[in-house]
1. How much FRET efficiency would the formula 1/(1 + (r/R0)^6) give for A:D220 and B:Y155, where r is the Cβ-Cβ distance and R0 is 60 Å, rounded to 0.05?
2. Could you give me the ³J(HN,Hα) list for the range C:101-107, computed from phi with Karplus coefficients 6.51, -1.76, 1.60 and θ = phi - 60°, whole Hz, x at Gly and Pro?
3. For each of A:D202, A:D56, count neighbouring Cβ atoms within 10 Å of the residue's Cβ, then give the residues from fewest to most.
4. Pop out the ³J(HN,Hα) list for the range B:35-51 in order, Karplus 6.51 cos²θ - 1.76 cosθ + 1.60 with θ = phi - 60°, rounded to Hz; leave Gly and Pro as x.
5. Need the C-alpha centroid separation for the range C:259-278 versus the range B:80-146, integer Å.
6. Describe numerically, in nm with one decimal, the distance between label points set 7 Å from Cα along Cα→Cβ at C:A308 and at C:Y149.
7. Please work out the C-alpha center-to-center distance from the range C:135-182 to the range A:157-225 and express it in whole Å.
8. At each listed q (0.11 Å⁻¹), what is the log10 of I(q)/I(0) that the Debye formula gives for chain B modelled as equal alpha-carbon point scatterers?
Amino acid sequence: MTLLSVDGLRKTFGGIVAVEDVSFDVDRKEIVGVIGPNGAGKSTTFRLLTGFHTPDAGRVEFAGEDVTDLSPDARARRGMIRTFQIAQELTGMPVMQNMLLAAQGHPGERALTSALGVGGTDAFEAEQRDRAEELLKLLELWELRDEYAGNLSGGQRKLLELGRSLMADPDLLLLDEPMAGVNPDLTDRLLERILDLRDQRDMTFLFVEHDIDAVMRISDTVVGMHNGAVLSMGSPAEVQSDDRMLEAYLGGEI
Amino acid sequence: MVLDPQFVWNGIVVGSIISVSALGLTLIFGILNFINIAYGDYMATGAYIAFAVNAQMGLPLVVAIAAGVGGMAAGAVLVDKVVFEHFRTSSPVTLLIVSIGVAFFIRNLIRAVWGPSGNFYDVPIEANPSLFGVRYSVEQVSIIIASLLLLAAVYVLLRRTRIGIAMRAASDDRTLTRIRGVDTERLVLYVWIAGGAIAGLGGIMLGLDAQIRPNMGFTTLIPIFAATILGGIGDPKGAVAGGFAIGILQEVSVVVIPSEYKFAVALAALIIGLLLRPDGLFGEATR
Amino acid sequence: MALLDLLLVVGIIAGVYSLLAIGMNIHWGDTGLLNFAHAAFFAVGAYTSAILTTPVLETGLLAERVVGFDLPVVAGIAAGTVLAAGLGFVIATTSVRLEGDYLAMVTLSSAELVRLVIHNEAWLTTGAQTLKNIPRPLESTVTTLPVSYDLFYFLLVWGLVAVTYLLFERMSSGPFGRVLHAIRENDDVALALGKDVSRFKLKSFAIGAGVAGLAGSLWAHYVYAISPVMFLPSLTFLIWTAVILGGAGSYAGAILGAVVIVVLRQVTRFIPGSVPFADQLPYIRLMFVGVVLVVVLYYRPEGLLGNAQRLQAGTSEGE
């Protein structure tokens, strides 16, 4: 069953076409990897899907609803949560606060309920703390819960960012180069975690990634992009054996 | 509704002052990348130095103008050495807050030295002649001529001299120039000299047109800033065009709105300018 | 006795400034918004309160004002707070999406426009003239008690400071404050996590402006008489200095900063007029405020009670 449907996306910047006629579907519980050489339009596509750019043409549908013109936060509230390429944890906030921030539908996020602690704020907060504890322990960040996020190492930041997005309990997790700058050991653990989440929590994943090995290892479907368009799409094996992709990579990066 | 040419003339005079002042502000912004709230007080300082030389020491106005412009150029460098230099790596917002402190200091220093009330330059008072029904004063004509001379000088500086070309390049992209081996600290020095001198001149023009008061620059800061924004911040051409546009619109607006509210024109220009951003009038803004 | 009276006056001013600083702290300290319109919120609170609680003046040559309601003081204070919050909301809607320094310029201009309106619309505000005879709350009752009115007002103001402090402290450390802090740190992240950033900024702006309005009402009802020159941008900058000095993000710091600034300004009143530069003292005081602002930003950017660790976190890149 289709969760995310992308149809004919187009985006230009000052007359230069960044993305042209990009279409693909993501099914529930599917893991889709988007690859392509530098300048292929991966990042622009990602920003179009997450609402940080508005397309010139085309349509994005999420769970049957047209979200093309929705703002990033409105998409997030519908269950599309994104991460950032460079871990954008909130450096001046402790790890635990980063996690709690991601909780959706918090009754205490109104000024008055926050000040007076009414409207079920405290109970909800306690519940979220338990969830955060579970996730932080899983990611081996529990000991660092009171540390400012800015003081974590690069790998820990990546984990925190992943943990934070999981706190939002997304239906679709959009990961922007989750493996960039992460050591191979951690990459393996992250990949395992993604598979677990898919199986245990019925989560769907779309990720843009440079690390082709990682993409090939866990993706159900791979979307290969080049020059702003989808060049090749299919199973990892199909895309890998597609000569056009090989050409794109050889032509694009020397 | 007939447009009184007197308003247009007044607008050109005010526009000259705003243009000159906006040019200095935008040069400083282009290189140092922060909004200097103390800029208005630089203008006032220039005006007061000239006042001291002219009205208090009794020297001719030309000497006083030279002293005010030169004095403020030196003053701007001094403030940089004492204050801003220590905040080179700070964020634009921090620098803006720092400049509030500087503004406070300068404005109250002026009040302490020259007192809080208004002053005038020692210029001969003559009946204002009129031409085609437009009354004008010698001061107003001088303001327009001085502003045109300054604009021409800055144009030559930015287009023809090495340092001017480096300034423009740095305004477009600071890191790029650094890579090319331009000494940025030297550039910063020249920008303060130029920006301070222009602020001083702007202040003197303002004092000639109206009155010399400690808060004269600060209260003019908003139209000046609006001109800078409207022209695309960091863009000298735009600042000048924006300055004339706001000056003329502001004076002509009295046909439509009560003259007490002509300031609202600057506010409207500011908001429209920000909505047009990042392009400004000529689409060359830096951010 | 005279000294005690003077201390009470200083204390009342410090309390009003503390409220202003608390309002500024939710903007800058919690949300990272540069608000340069604080004097306008203060003015709206003061004038709303004054207009609502005074009758139309019938005597006097310069009594041009034709509006007045003679309502109870409580109504004035409530309306002053709400209207200032409303103005904050309106100003914020035009500019809350702007980058920090541009927001500063738009708010500064808006504040000047507000002052211009107060200055020119004499039918409503008595214009450049002083709006006089603003009633003091419970004045006739308090005079029958064995306490001075200033002591009563001191306790009233500081009682309100205490309540406001507690509410804001809780708000800041609760889930609402958490979102504001996230916006201060990086609003893209807040967006990506589903927070309606503009809405939170608007709320922050309105709430802080409301407290400034409350301060304005309290000010008007204490000083009897107000005029536009009390609401110059330099007031906004004084409050900025207080917040930076106390430590942005800390409500206790905001109060401490406000008290220090007020004491700094008032204590020199005790210096005899015979010392050199006595005439220049008011200006030298303000020059000193400027120096304090710059020195604090350089040597102690976290201020007196701010959180240095927070500012330093993330300044050195993780591996």
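Any read-out appearing in this document is the output of simple, stated calculations on the displayed coordinates, not a laboratory observation. Owing to the predicted nature of the structure, the values given are computational and were not obtained by experimental measurement. Quick reminder, even Gly has a Cβ in these numbers, built from the backbone with ideal geometry, and neighbours come from all protein chains shown.
1. The pair A:D220/B:Y155 has a calculated efficiency of 0.45.
2. With coefficients 6.51, -1.76 and 1.60, one gets 6, 5, 4, 4, 5, 5, 5 Hz.
3. Listed from fewest to most nearby Cβ atoms, that is A:D202, A:D56.
4. Calculated HN-Hα couplings, in order: 7, 8, 5, 6, 4, x, 7, 4, 4, 4, 4, x, 4, 6, 4, 4, 4 Hz.
5. 29
6. 4.7
7. 51
8. Taking Cα atoms of chain B as identical point scatterers yields -0.61.
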